1. Would a scan of segment 71-86 turn up a residue that is loosely packed, with under 15 Cβ neighbours inside 10 Å, modelled with pLDDT of 95 or more and out of contact with any helix residue (DSSP H, G or I) (no Cβ under 9 Å at 6 or more places or on another chain)?
2. Run down Ile129, Ile181 and say which single residue is touching a residue at least 24 places away in the same chain (Cβ under 8 Å), within 19 Å of the chain's Cα centre (by Cα) and within 27 Å of Gln221 (Cα to Cα).
3. From (1) surrounded by 12 or more Cβ atoms within 10 Å (Cβ to Cβ); (2) at pLDDT 95 or above; (3) over 24 Å from Ser77 (Cβ atoms), pick out the condition that doesn't hold for Leu147.
4. Does any residue of segment 102-112 turn out to be under 16 Å from the mean Cα position of the chain (by Cα) and in a strand (DSSP E or B)?
5. Residues that are free of Cβ contacts under 8 Å to residues at least 40 places away in the same chain and within 27 Å of Lys214 (Cβ to Cβ): does segment 68-83 have at least one?
6. Given the conditions (1) within 24 Å of Asn82 (Cβ to Cβ); (2) in contact (Cβ under 8 Å) with a residue 12 or more places away in the chain, and given that Lys113 satisfies all but one, which numbered condition is not satisfied?
7. Within segment 81-98, is there a residue that is acidic (Asp, Glu) and in a strand (DSSP E or B)?
Amino acid sequence: MRALPILLLGLAGAAIAEPIPYTATYKVNLDNRLNGTATATLSRQGNRFHYELRATAMMANSLEQTDFLMENGQIKSLGYQNQRQVLFRSRANRVAFDWKKLSAHAVRNGKEKDYAIKPGALDPLNMDIQIREDLMRTGKLDGVYLLADPKEFHPVRFEIMGGETLNTPIGALDTLRVRRIHASPDRDSQFWLAKSLGYLTVKVVQNDDGAVFKLDLTGYQPAIKPAPSATSPAASLPVAKPPAAP
């Protein structure tokens, strides 16, 4: 299963709002052949937020998770990981952040590496959270977002393409269409974000060298029950720790 282009986190509230726990469901399609479903869940444990996306399709499944803090409208990444399984083959990648050293420790395909990061660095999931926070506060996007993923640290750019009303299973929604700017002309990623739901993702269309991935919202429910305990197995991801004294 291909990595899902994740823009699946809704924010709501005033100028500097904190994410509101919720669950959203989606239908997934690849090349009009492979169908599946995805569930995005945001929870809170103390001052830490935990967000995850689970996707399933025939003989394949994936799970992506991130832990983060929100400080005055700015995401502070703690840890990220993804796990994917296709047939009997599986792989797992992760990134842990050390803000005292301004470094990240990444594990990709079983290989470990450390690289330098800058203040404001985001992971592949919470980068999208930051985009929504910026839209909520200013109606604009920063020129560059700094992404620390299992492969490397690099800048990512987006542009606003305009507004569009979409009919969804939960009603007609006014959306903002956002496009990720790729270096390769063979890649194109576009996202439709619902204004009334704190820029929750309603639709995704991604073309990756001819392979077309689509994602469409099927349901949305703000959380009612208390968030899981911080001791829950899924509630905490690896965070970089200083090396032991010699």
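The values are calculated or read from the model by the stated rules, or taken from the named source; none is laboratory data. Since the model is a prediction, treat every value here as computed from it, not as a measurement. Because the Cβ atoms are built from the backbone with ideal geometry, glycine has one as well, and the counts that use them run over all protein chains shown.
1. No, because not a single residue in segment 71-86 is loosely packed, with under 15 Cβ neighbours inside 10 Å, modelled with pLDDT of 95 or more and out of contact with any helix residue (DSSP H, G or I) (no Cβ under 9 Å at 6 or more places or on another chain).
2. Details: Ile181 fails: within 27 Å of Gln221 (Cα to Cα).
Checking each option against the conditions leaves just Ile129.
3. Here Leu147 meets the rest and fails (3).
4. Of segment 102-112, the ones under 16 Å from the mean Cα position of the chain (by Cα) are none.
Checking segment 102-112: not a single residue is under 16 Å from the mean Cα position of the chain (by Cα) and in a strand (DSSP E or B).
5. yes
6. Among (1) within 24 Å of Asn82 (Cβ to Cβ); (2) in contact (Cβ under 8 Å) with a residue 12 or more places away in the chain, Lys113 violates only (2).
7. yes
Okay, residues lined up against (1) farther than 28 Å from Ala194 by Cα; (2) at pLDDT 95 or above; (3) surrounded by 19 or more Cβ atoms within 10 Å (Cβ to Cβ); (4) touching a helix residue (DSSP H, G or I) at 6+ places or on another chain (Cβ under 8 Å):
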{"position": "Thr39", "(1), (2), (3), (4)": "no, yes, no, no"}
{"position": "Leu42", "(1), (2), (3), (4)": "no, no, yes, no"}
{"position": "Glu64", "(1), (2), (3), (4)": "no, yes, yes, no"}
{"position": "Ser103", "(1), (2), (3), (4)": "yes, yes, no, no"}
{"position": "Gly110", "(1), (2), (3), (4)": "yes, no, no, no"}
{"position": "Tyr115", "(1), (2), (3), (4)": "yes, yes, no, no"}
{"position": "Gln130", "(1), (2), (3), (4)": "no, no, yes, no"}
